[in-house]
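In what follows, a single structure is set out as structure tokens and then discussed.
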Amino acid sequence: MSEKSEHVKCLIIGSGPAGYTAAIYAARADLKPVMYQGLQPGGQLTTTTEVENFPGYPQGTMGPQMMEEFRQQAERFGTDIRWGYASSVDFKGPVHKVIIDEEKEITADTVIIATGASAKWLGLESEQRLNGFGVSACAVCDGYFFRNQHVAIVGAGDTAAEEATYLAKLCTKVYMIVRRDEMRASKAMQHRVMNTPNIEVLFNTETKEVVGEKTVSAVKVVNNLSGEERVLDVTGFFVAIGHQPNTAIFKGWLDMDKTGYIITKPGSTKTNIEGVFACGDAQDKIYRQAVTAAGTGCMSALDAERYLADRGIH
């Protein structure tokens, strides 16, 4: 086989909590997994600071440090972890082809997809600069750090409404910034927001700038009807305008919902292609937590192991 092609028993694409957990289980089952880390090794957790809700870390830990420990554990059991990203796939036959970095061909008996999702951002320089320092795309992950403080959240859908009401339990004041004159959220979620006394909804409003040197100290917003500017005195800024699963290269091969999340068979990580499994945020648009991603990563490795055993592939 040439240097440009290689065959593996188990190929893992992506390296967040789902990918690394899949690697730990696959390696311990002697599947000799090969992992390509992708464009963001460690996944979304590498862009967060403190993680306090993952079991086993009583004092909490830093996201990048936690992912480094996951990586070390996967390597300890023999996972071959490599730099590179999957640029295209061909799932026609019983052996699955994946092209790495647009040049190297890997054929694999099983493929575990753990490519995750990326939060959608507003695209402000200040938002990116303060990401992890008061700016967050996950209220459930980071809301706890803003107890008894004032925060703002951008978004108008069910997720934004749900996160706003979650923050309202922890924070003294929540500003909800809505670009249009109405919310997209379901009526039930809208009622919940409107009936929460410490949530103030700012309709027809857009974010102009997140203010702060090292951490968030305020947010500048503008009313897009009157042009009137306002400064919100907040220490946290949450963006809830959606997530985009990193699944574009699998379109046309795997069943997906309309937003691109891979559809797996109930109670499993199996996709519509035999021998291809999906775990983590690439297929979970509901929970999107590190611990649930790790759980489905474990499931995908067990599913891959059973698939190979049923076919006598050793």
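Observations
- Listed by position, the strands (runs of 3 or more DSSP E) contained in region 1-83 that have at least 2 residues being within 21 Å of the chain's Cα centre (by Cα) and hydrophobic (A, V, I, L, M, F, W, C) are 5-13.
- Residue among GLU229, GLU209 that is in contact with a helix residue (DSSP H, G or I) (Cβ under 7 Å, 6 or more places away or on another chain) and surrounded by fewer than 18 Cβ atoms within 10 Å (Cβ to Cβ): GLU209
- Some residue of region 167-174 being farther than 30 Å from VAL89 by Cβ, touching a Gly at 6+ places or on another chain (Cβ under 9 Å) and of a type in the set (Gly, Ala, Ser): no
- For beta carbons closer than 9 Å, sequence separation of 6+ or different chains, a first residue in region 248-259 that is within 18 Å of GLY116 (Cβ to Cβ) and a second that is of a type in the set (Ser, Thr, Tyr) and assigned to a strand (DSSP E or B), the qualifying pairs are ILE249/SER87; ILE249/SER88.
- Single unsatisfied condition, LYS265 versus (1) closer than 24 Å to GLY116 by Cβ; (2) outside the structural domain of ALA304 (by TED's automatic domain parsing); (3) of a type outside the set (Ser, Thr, Tyr): (2)
- Evaluating TYR307 against the criteria (1) under 25 Å from MET67 (Cβ atoms); (2) in a helix (DSSP H, G or I) leaves one unmet condition, (1).
- Within region 84-107, restricting attention to residues that are assigned to a loop (DSSP other than H, G, I, E, B) and within 14 Å of CYS10 (Cα to Cα), the residue that is modelled with the highest pLDDT is VAL95.
- The requirement of being crowded, with 24+ Cβ neighbours inside 10 Å and out of contact with any His (no Cβ under 6 Å at 6 or more places or on another chain) is not satisfied by GLY38.
- Filtered residues of region 180-198 (kept if of a type outside the set (A, V, I, L, M) and crowded, with 17+ Cβ neighbours inside 10 Å): GLN190, ARG192, THR196
The values are calculated or read from the model by the stated rules, or taken from the named source; none is laboratory data. Quick caveat: nothing in here was measured; it's all calculated off a predicted structure. All Cβ positions, even for glycine, are placed from backbone atoms using ideal geometry, and neighbour counts span all protein chains on display.
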